[in-house]
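Participant: I am attaching a structure below and will ask some questions about it afterwards.
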Amino acid sequence: MAETVKLDALVVGAGFAGLYMLHKLREQGLSAQVVEAGKGVGGTWYWNRYPGARCDIPSVEYSFSFSPELERDWRWSERYAPQPEILAYLEHVADRFDLNRNIQFETRVTAAQWDEAATYWHVETDRGQAYTAHYLILATGALSAPNLPDLPGLDSFTGTVLHTAKWDESVDLTGRNVALFGTGSSGIQVTPELAKRAAQLTVFQRTPNFAVPAGNHPLSDEYLAEIAPQLPGLREQARQSPLGFFATPSPGLAKEATADARAQRLEQHWAAGTTGLLLAYEDLLFDEESNSHAAEFARSKIAGQINDPETARKVTPQGYPLGSRRLCSEIGFYDALNRDNVAVVDVREEPVTQITGDAIQTSDGTYPADVIVFATGFDAVVGAINAIDIRGEGGRSLREEWADGPRAYLGLAVAGFPNLFTITGPGSPSVLSNVVLSIEQHVEWIAQCLSDLDARGVTRLEAQADAEQEWMEHSDAIAQQTLFPRANSWYHGRTRDGRRVFLPYLGGCGAYRDKCNAVAADNYAGFDLGRD
Ligand code: FAD
Ligand code: N01
């Protein structure tokens, strides 16, 4: 058994969040270590290697802002960089800031127990390596615990099973019969690539999503030279904005515009990618009538791209507001559905009854399959945290407590679990923002917090249960003022008694940042601080 390593801070995960957290901790002179399940850095961009994977927030925004030199030296090739380029960027960040020497790869954190007497976390891994750390920081990712559906007979399938978030690049799909499950952002990105390679692609769809044209294009030297001096100002504007984007909502209410003016405005915003259409008016995520105009516009655009009326009917979303489920970004998805080798099966009309050795049987037919691709998403926000057996004060289990509803004060800390931080946890803007911007804000707040505690001789910090509950109620009240609760989506978690809990904070990145800063300035109001 390896000797227990003693640290000031242990960080779990080496994606955007874990890398920057490690850098900040080391800068502050703390002994810190990252533990990462993957063989390399990158997190999302290490695991999601499916063809077609790319970001849908422009890369000049979806990247670190903390180092002007890094920003100056890295050149993004396209408006939305593909996965290999984002992975190369994060590998570059790790090399540039010499981070790899403090990352333990291919190691999964399995358990963590708080030792009240010693004021440290005792952390266990699947490699037998154990750590004690004064602070435990979960940079485990909001979208890193993949969902595999429990389909009847899946165990008897003799072909290859892939998940978009655990992609195996060695599998050759050329000339194979491929069955794809899921038409969220991942399914929509991978479909055209599968269609090009497969003999036959059958897309098993449950809920149709709205997808807008990505509007991707190469970035010219002229554009990059022009935007470089503007970046600090644009980044600051994004920090104070609702969603953390450079673009902000166009003024006006959709329902008050004339039909002609509205059609013209929506047309202009249609091809502007996922950060475009929802910003066409300021009330699209709040007002049902306004939203219905934009949704109808999007439906007609979608149907207009598909030749077969029956396929168009199946993939045209109905019954929930535009944007209340993650708006998807597409490059060739609807075109791919027009190909002769692609078919769509709506599993709500035609459920899967059995998977056999080499086929998918539904209530209406049999579809041969050599490869099943699951683009079935994630146990979002809480899945990777719940996978660790975390025991706080008096042995209380975080997983057990979150089964009654995930909760965290400011999305950053949990009552009963001292000296533990969650980056992009429940109750923070996280997945409903430019996530890199939100990660930077969390990392910088945590780093400042640890420095302040040290300066004040504080060794123990714990969220107060009242403050936490008030925050979650506030977060929920804001969500209820929007159209998000009108849809079933992964933005909602479920309690053990089936109640829905809206997970991200919708009060806006700027307002959220101000609140976190005010808490810190008020001697960490809402936290109990303890000294040895
Ligand atoms: P991750 O990148 O998920 O990293 C977490 C790491 O923790 C993983 O490497 C995982 O292996 C590790 N880990 C987890 N549990 C353990 C454990 N117990 N032990 C050891 N290691 C563990 N967001 C946007 O804002 N814009 C986009 O355009 C965008 N595109 C996306 C595209 C895809 C395909 C996906 C899946 C997500 C996308 N996201 C996007 C969200 C994306 O997850 C975040 O932007 C960001 O990359 C998250 O970084 P992170 O460091 O918080 O988590
Ligand atoms: O996952 P999802 P994702 N049979 O949960 C379906 C980010 N991201 O990986 O909606 C058939 O959205 C499920 O159906 P339903 C982004 O934040 C960004 O695609 O539950 N289908 C749904 O269609 C995104 O939102 C990009 O009815 C089944 C799909 O699987 C988040 O990651 C790219 C099923 C899952 O969709 C997650 O996206 C990729 C079953 N049994 C990801 N079970 C960019 O473009 C589930 N489904 C930047």
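Participant: What number of residues within the range 126-175 satisfy the criterion of being buried (at least 20 other Cβ atoms within 10 Å of the Cβ) and of a type in the set (D, E, K, R)?
Facilitator: 0
Participant: Continuing with the same structure: Go through the range 193-206 and give me each residue that's surrounded by fewer than 22 Cβ atoms within 10 Å (Cβ to Cβ) and either over 21 Å from VAL347 (Cβ atoms) or within 16 Å of ligand 1 (Cβ to nearest atom) (or both).
Facilitator: Those that are surrounded by fewer than 22 Cβ atoms within 10 Å (Cβ to Cβ) and either over 21 Å from VAL347 (Cβ atoms) or within 16 Å of ligand 1 (Cβ to nearest atom) (or both): GLU193, LYS196, ARG197, ALA199.
Participant: Inside the range 426-442, can you point out the residues that are within 25 Å of HIS122 (Cβ to Cβ) and near ligand 1 (Cβ under 10 Å from one of its atoms)?
Facilitator: Selection gives HIS442 alone.
Participant: Kindly indicate which of ALA94, ALA17, ALA37, ALA88 is assigned to a loop (DSSP other than H, G, I, E, B), within 30 Å of ALA375 (Cα to Cα) and in the same structural domain as TYR131 (by TED's automatic domain parsing).
Facilitator: Matching residue, one of ALA94, ALA17, ALA37, ALA88: ALA37.
Participant: Right, ALA112: surrounded by fewer than 23 Cβ atoms within 10 Å (Cβ to Cβ), within 16 Å of ligand 1 (Cβ to nearest atom), within 20 Å of GLY18 (Cα to Cα) and in contact (Cβ under 8 Å) with a residue 40 or more places away in the chain or not?
Facilitator: No: the conditions fail for ALA112.
Participant: If you don't mind, another one. From the list THR174, THR164, THR191, which residue is touching a helix residue (DSSP H, G or I) at 6+ places or on another chain (Cβ under 9 Å) and more than 16 Å from ligand 2 (Cβ to nearest atom)?
Facilitator: THR174
Participant: Now, a different point. Could you list all residues from the range 279-290 that are closer than 15 Å to SER250 by Cβ and either of a type outside the set (Asp, Glu) or out of contact with any Ser or Thr (no Cβ under 8 Å at 6 or more places or on another chain) (or both)?
Facilitator: Hits for the range 279-290 are LEU279, ALA280, TYR281, LEU284, LEU285, PHE286, ASP287, SER290.
Participant: Are there any pairs with C-beta distances below 7 angstrom linking a residue in the range 50-62 that is charged (D, E, K, R) to a residue that is within 9 Å of ligand 1 (Cβ to nearest atom) and assigned to a loop (DSSP other than H, G, I, E, B), with the two at least 6 apart or on different chains, and if so which?
Facilitator: So the pair list comes out as ARG54/TYR80; ASP56/TYR80; ASP56/THR274; GLU61/ASN434.
Participant: What residue, of ARG26, ARG49, ARG79, ARG108, is charged (D, E, K, R), within 16 Å of ligand 2 (Cβ to nearest atom) and farther than 22 Å from LEU231 by Cβ?
Facilitator: ARG49
Participant: Of the residues GLY244, GLY182, GLY215, which single one is within 16 Å of ligand 2 (Cβ to nearest atom) and touching a Gly at 6+ places or on another chain (Cβ under 6 Å)?
Facilitator: The match here is GLY215.
Participant: Pick from LEU10, LEU70: which is among the aliphatic types (A, V, I, L, M), within 13 Å of ligand 1 (Cβ to nearest atom) and at pLDDT 95 or above?
Facilitator: On inspection, the qualifying residue turns out to be LEU10.
Participant: Could you tell me whether any residue of the range 383-400 is of a type outside the set (Gly, Ala, Ser), more than 15 Å from ligand 1 (Cβ to nearest atom), over 19 Å from the mean Cα position of the chain (by Cα) and within 22 Å of PRO504 (Cα to Cα)?
Facilitator: yes
Participant: If you don't mind, there's one more thing I want to ask. Return the residues of the range 435-464 that are within 22 Å of ALA117 (Cβ to Cβ) and of a type in the set (A, V, I, L, M); say none if nothing qualifies.
Facilitator: Scanning the range 435-464 gives LEU450, LEU453, VAL458, LEU461, ALA463.
Participant: What pairs come up if the first residue lies in the range 286-302 and is surrounded by fewer than 17 Cβ atoms within 10 Å (Cβ to Cβ), the second is part of a helix (DSSP H, G or I), and their beta carbons are under 7 Å apart, counting only those six or more places apart or on different chains?
Facilitator: GLU289/LYS255
Participant: While we're on this one: Give me a count of the residues in the range 440-486 that are under 15 Å from ALA408 (Cβ atoms), of a type in the set (A, V, I, L, M, F, W, C) and not in a helix (DSSP H, G or I).
Facilitator: 2
Participant: Can I ask one more? Got a sec? Which of VAL443, VAL436 is β-branched (Val, Ile, Thr), at pLDDT 95 or above, surrounded by fewer than 23 Cβ atoms within 10 Å (Cβ to Cβ) and assigned by TED's automatic domain parsing to the domain that holds THR140?
Facilitator: VAL436
Participant: Right, next: Of the residues that sit in the range 139-167 and are more than 19 Å from TRP490 (Cβ to Cβ) and within 21 Å of the chain's Cα centre (by Cα), which one is nearest to ligand 1 (Cβ to nearest atom)?
Facilitator: So, considering only residues that are more than 19 Å from TRP490 (Cβ to Cβ) and within 21 Å of the chain's Cα centre (by Cα), the one nearest to ligand 1 (Cβ to nearest atom) is ALA139.
Participant: Take the conditions buried (at least 21 other Cβ atoms within 10 Å of the Cβ) and over 22 Å from the mean Cα position of the chain (by Cα) and apply them to ALA53. Does it pass?
Facilitator: In short, no.
Participant: Taking the range 384-423 as the search range and keeping residues that are of a type in the set (Lys, Arg) and outside any strand (DSSP E or B), which one is farthest from ASP126 (Cα to Cα)?
Facilitator: Applying the filter and picking the extreme gives ARG407.
Participant: Just a yes or no: is a residue in the range 370-393 touching a residue at least 40 places away in the same chain (Cβ under 8 Å), at positive phi and buried (at least 20 other Cβ atoms within 10 Å of the Cβ)?
Facilitator: Looking through the range 370-393, at least one residue is touching a residue at least 40 places away in the same chain (Cβ under 8 Å), at positive phi and buried (at least 20 other Cβ atoms within 10 Å of the Cβ).
The values are calculated or read from the model by the stated rules, or taken from the named source; none is laboratory data. This structure is a prediction, so every number in the text was calculated from the model and none was measured. Don't worry about glycine lacking a Cβ; one is built from the backbone with ideal geometry, like all the others, and counts go over all protein chains shown.
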